[in-house]
């Protein structure tokens, strides 16, 4: 069952429970002539099947009300507990699954993603406008990653590749096609929608590039189409790189250090650690 379905069922049970408490309290006050506090107390202990017996209905209508509360209220009360528990377990399982999926994302960036992003950055004629905004370092906090992700979503990315760049990209991606297909075959990736979108966009770009024997004398519209496909991949890459880097910072500091030293946006980034121990973070 999906998280949305579990949340809907929990919200429905909570709504019924709240309505039962409110209407039941008013009804018991009216029928049994008790105070609001006593009426609410009776409703709660009845629905919770505690039944202390210190307050109980004495009229026939009150007894029928108690029966109705037991039938409706107890089931709803149990439903709230069951749905809440299911939602907690679902979130825990999803967290564990996302941890495993991030290992797959890590393999992608190690084998292809980081190098591809570095190429796109080098072909971006307007990269100077945003380069420093993606200079991730060890002082970054959640709000820094959130601000960078928001910038990536609203920024209009541009690429201006020439014929040599298009040929180099085609060669690179065709060489990685089997690797990308194997990643996409992982059924668990359906739970990682944004990364699945990146892989699908990337495989589409591979197919588009592979279908063209030459990039010389491309019609203007066809070149614009290819560039649009590349920009789509570029945007997804930036967003996924930020998300994955934030994950590394939170859980794997040593991998985060290497990611910072390989930052595609940092012209001064270097893998080697200096004599002073400086790693760029």
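The values are calculated or read from the model by the stated rules, or taken from the named source; none is laboratory data. Quick caveat: nothing in here was measured; it's all calculated off a predicted structure. All Cβ positions, even for glycine, are placed from backbone atoms using ideal geometry, and neighbour counts span all protein chains on display.
Looking at this structure, is residue 211 over 29 Å from the mean Cα position of the chain (by Cα) and either on the phi > 0 side of the Ramachandran plot or outside the structural domain of residue 182 (by TED's automatic domain parsing) (or both)? Against the criterion (over 29 Å from the mean Cα position of the chain (by Cα) and either on the phi > 0 side of the Ramachandran plot or outside the structural domain of residue 182 (by TED's automatic domain parsing) (or both)), residue 211 does not qualify. Which numbered condition trips up residue 212, out of (1) surrounded by fewer than 19 Cβ atoms within 10 Å (Cβ to Cβ); (2) at pLDDT 95 or above? Tallying (1) surrounded by fewer than 19 Cβ atoms within 10 Å (Cβ to Cβ); (2) at pLDDT 95 or above, residue 212 fails exactly one: (2). Among the residues of the range 123-146, those identified as surrounded by fewer than 13 Cβ atoms within 10 Å (Cβ to Cβ) and in contact with a helix residue (DSSP H, G or I) (Cβ under 8 Å, 6 or more places away or on another chain) are 138, 142. Once the range 24-58 is narrowed to residues that are under 16 Å from residue 69 (Cα atoms) and surrounded by fewer than 13 Cβ atoms within 10 Å (Cβ to Cβ), the residue that is modelled with the highest pLDDT is 58.
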